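Each reported figure results from applying straightforward, stated rules to the coordinates on display, with no laboratory input. Quick caveat: nothing in here was measured; it's all calculated off a predicted structure. Cβ: placed from backbone, ideal geometry, glycine included. Neighbour counts: every protein chain shown.
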Amino acid sequence: QVQLVESGGGLVQAGGSLRLSCAASGSIFSINVMGWYRQAPGKQRELVAVITSAGNRNYADSVKGRFAISRDNAKNTVSLQMNSLKPEDTAVYYCNARGRLVNDWGQGTQVTVSS
């Protein structure tokens with residue numbers, strides 16, 4: 001099992017930036033993919049961005065060109081730099097760690113973008 005602790009959410013005006021961070025502990029040796037998902041009120045949880053241990057990245061179309069995911073394998077952290085934020089980015093953002101033996105989630109951090 002992997003424990004994930006997120007930080008960095010908050011309230012920002014449209015056009016602003018936020019940076020989310022997630023620190024992993026526990027069975028970190030089994031992690032392959034780390035990433036961020038989000039869930040807005042009344043909607044299903046959706047992928048935002050993921051990154052493999054080799055550094056391959058995948059983004060949702062809605063955030064391409066605005067968000068950037070990065071990973072520090074030595075520190076077992078994953079970060080999400082969010083620029084040009086829009087009100088539709090408002091959601092609870094969840095960190096995820098996935099591997100052959102694990103699929104764990106953080107507790108979530110609220111991101112609110114005001115218009």
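Positive contributions from Lys and Arg (+1) and negative ones from Asp and Glu (-1), summed over other residues with Cβ under 13 Å from the Cβ of ASN83, come out at +3. Checking every one of the trypsin sites (Lys or Arg not before Pro) in the stretch 39-103 against DSSP loop status and a limit of 16 other Cβ atoms within 10 Å picks out LYS43, ARG45, LYS64, ARG66, LYS75, ARG100.
The stretch 36-115 and the stretch 12-29 have Cα centres separated by 8 Å.
Note on the chain: dipole from Cβ charges, positive end direction compared against GLY10, ASN76, THR52; the farthest Cα belongs to THR52. Thinking of the chain as a set of Cα atoms, what percent of all their pairs are more than 17 Å apart? Considering the chain, 49 percent of its Cα-Cα pairs are separated by more than 17 Å.
Note on the stretch 1-108: with charges restricted to the Cβ of Lys and Arg (+1) and Asp and Glu (-1), its dipole about the Cα centre is near 160 debye. Here's the list of lysines a cross-link from LYS43 could span, going by alpha-carbon distance under 22 Å and ignoring same-chain residues fewer than 8 apart: LYS64, LYS86. Estimated from the Cβ-Cβ distance and a Förster radius of 25 angstrom, the FRET efficiency linking GLN110 and ASP61 is about 0.60.
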